[in-house]
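This report concerns only the one structure given below.
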Amino acid sequence: MATGTPHGSGRSPHVLVVGAGVAGLAAAHRLLRRGATVTVAEASGRVGGKLLPGEIAGVRVDLGAESLLARRPEAVELAREAGLADDLQPPATATAALWTRGALRPMPRGHVMGVPGTADALAGVLSEEGLRRVGQDAELPRTEVGEDVAVGQYVAERLGREVVDRLIEPLLGGVYAGDAYQISMRAAVPQLFEVARTHTSLTEGVRALQEKTAANPSTGPVFAGIAGGVGRLPLAVAEAVRSRGGEVLLNAPVTGLRRDADGWHALAGDRPVRADAVVVAAPAAAAATVLREVAPRAAVELDGVEYASMALISLAFRRAEADAQLPAGSGFLVPPVDGRTIKASTFASRKWGWIADEDPDVLVVRTSVGRYRETAILGRSDQELVDVSRHDLHEATGLTAEPIATTVTRWDDGLPQYPVGHHTRVARIREHVAAVPGLAVCGAAYDGVGVPATIASAYAAVDALSADPVLGLGTGE
């Protein structure tokens, strides 16, 4: 029997949402609030996408993304709407370090994604020659950025490669697992792109941005977590969707999507679905497959979106053995130029009070490996990834304690890449999609890979559908 009814005669429009990651669930949640009926179809056996709750040594942890950018409202507001307001927590400590040039060095302050307002901000991280090169920025002629430019290319030209290699690479790598010399400044660091577009000196532009920020300070923490793990967010939103009468189907890949005079038709697994509109909230490759027949030019563009794979290695130690061996702070980042295997380590029990409270006798540490087109390391076994993580942790911190439990979580094609020109690709995709009535797309492949940006893309997709008077969706909350 088909799901949903054709829109008309005062009935609520029915929307099919393809994908139950946080974007698809956020879209479904907002659609329900705007008066639609909703079916969410997820190809895998769980909701959440790259947000995954788990446990190690009896302690709840995140096995995917672990924090939300709280300075953007979308993620924390959705968490509140899903009943998690009391569980939102700031990090217990956010003091991080860089493991570079043979030592752990304090993360510099006073920079925008690694770009300083003064050379002094990077003292201790860069060599004397690197600091001198940063100081020459104000003497250089203007560097035009055009429609877009790679972050690494532009910053290296202004400040030297050392800033890129030792600071920007690990910072961007933690977000995109990408290559700073290929990542779009306009798409990935738009505030820096605006500085580059409007100022001759990059460091002077960053100082101006910092002064503006200082004059209008934001209240509250920069980041937030959720007690029990950020992976609880999609579970709570899925439950909220169900409580409002929405369906969430698992193990139900969408195939055969087509549109005719009666609306949209597809199979969700082996179940026929009829809908008045469709939101495709799947990763780029899956979205291309779904859209191949109905929006072929959008599918071609989506086929061109590349992804990076990575793995997270979670290690649990007896706190009495490991705590004193680790330095203070929440962890460290690792520049790829230093030739290490891990790219970051988080002292999770230090960073999140709720993890420490789960079992005060256990200390959880996690590392990450894998960058764009870095496939050899991901071909190693789980035990080899644990061993190399322990080796690098020992080299960085002196940690010798034996773990009492380990877990390796692999994220194949986990992070979309935003190369130069990404914004024009996204514009073309949306143009092709907008030409098909009752169709929208959202997810991490478009406007940002962070959780708030992904949720914002879902809301933009719902707004696009709400603008169609024929569909008859509400436009308010």
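Mean 1/r over all different Cα pairs, inverted: what Kirkwood radius does the range 375-430 give, in Å?
14.6 Å
Counting only residues 5 or more places away or on other chains, whose amide H sits under 5 Å from the amide H of GLU55 once H atoms are built in the peptide plane?
VAL61
For the chain, what proportion of DSSP beta bridges, expressed in % and rounded to the nearest 5, is antiparallel?
Values: 49 of 69 bridges.
Counting only bridges with both partners in the chain, antiparallel ones make up about 70 percent.
Pick out, from LEU385, ILE183, PRO253, the residue whose Cα sits farthest towards the positive end of the charge dipole of the chain, with +1 on the Cβ of Lys and Arg and -1 on the Cβ of Asp and Glu.
PRO253
Would you mind giving the three semi-axes, in whole Å and largest first, of the ellipsoid equivalent to the range 412-477 according to its Cα gyration tensor? Spell out each step's value before the answer.
Values: eigenvalues 115, 43, 15 Å².
Each semi-axis is √(5λ); the values are 24, 15, 9 Å.
I'd like the Karplus ³J(HN,Hα) series for the range 335-345: coefficients 6.51, -1.76, 1.60, θ = phi - 60°, whole numbers in Hz, and an x wherever there's a Gly or Pro.
x, x, 4, 7, x, 7, 8, 6, 10, 6, 9
For the chain, find the longest principal axis of its Cα atoms and tell me its angle to the long axis of helix 202-215, 0 to 90°, nearest 10.
Between helix and principal axis, roughly 70 degrees.
Treating the Cα atoms of the range 107-215 as identical point scatterers in vacuum, please give the log10 of the normalised Debye intensity I(q)/I(0) at q = 0.21 Å⁻¹, two decimals.
Per q value, in the given order, log10 I(q)/I(0) is -1.14.
May I have the convex hull volume per residue, in Å³, for the Cα set of the chain?
Cα convex hull per residue, to the nearest whole number: 144 Å³.
In degrees, nearest 10, range 0 to 90: what is the angle between the Cα axis of helix 232-243 and the longest Cα principal axis of the chain?
Computed tilt is about 10 degrees.
Of all the C-alpha pairs in the range 1-134, what % are more than 26 Å from each other?
That tail contains 52 percent of the Cα-Cα pairs.
Which GluC sites (Glu not before Pro) in the range 137-201 sit in a loop by DSSP (not H, G, I, E or B) and have at most 12 other Cβ atoms within 10 Å of their own Cβ?
GLU144, GLU147
Give the order of ARG297, ARG34 when sorted by the count of other beta carbons within 10 angstrom, beginning with the fewest.
Values: ARG297 14, ARG34 19.
Going from least to most buried by this count: ARG297, ARG34.
For a footprinting-style exposure proxy, rank ARG366, ARG340 by other Cβ within 10 Å, fewest first. Show your work: numbers first, answer last.
Values: ARG366 25, ARG340 17.
Least to most surrounded, the residues fall as ARG340, ARG366.
Across the range 303-313, in residue order, what do the Karplus-derived ³J(HN,Hα) couplings come to in whole Hz, using 6.51 cos²θ - 1.76 cosθ + 1.60 with θ = phi - 60° and x for Gly and Pro?
4, x, 7, 8, 10, 9, 9, 8, 9, 10, 10
If the cut-off is a Cα-Cα distance under 19 Å, which lysines reach LYS351, setting aside same-chain residues fewer than 8 apart in sequence?
LYS343
Quick one: check the C-alpha center-to-center distance for the range 424-438 versus the range 279-304, whole angstrom.
11 Å
Which of VAL125, VAL462 comes first, and how do the rest follow, when ranked by fewest Cβ neighbours within 10 Å?
VAL125, VAL462
Coordinate-derived values only; no laboratory data. From a predicted model like this one, the values you see are computed outputs, not experimental measurements. Reconstructed Cβ throughout: ideal geometry from the backbone, glycine too, with neighbour counts over all protein chains shown.
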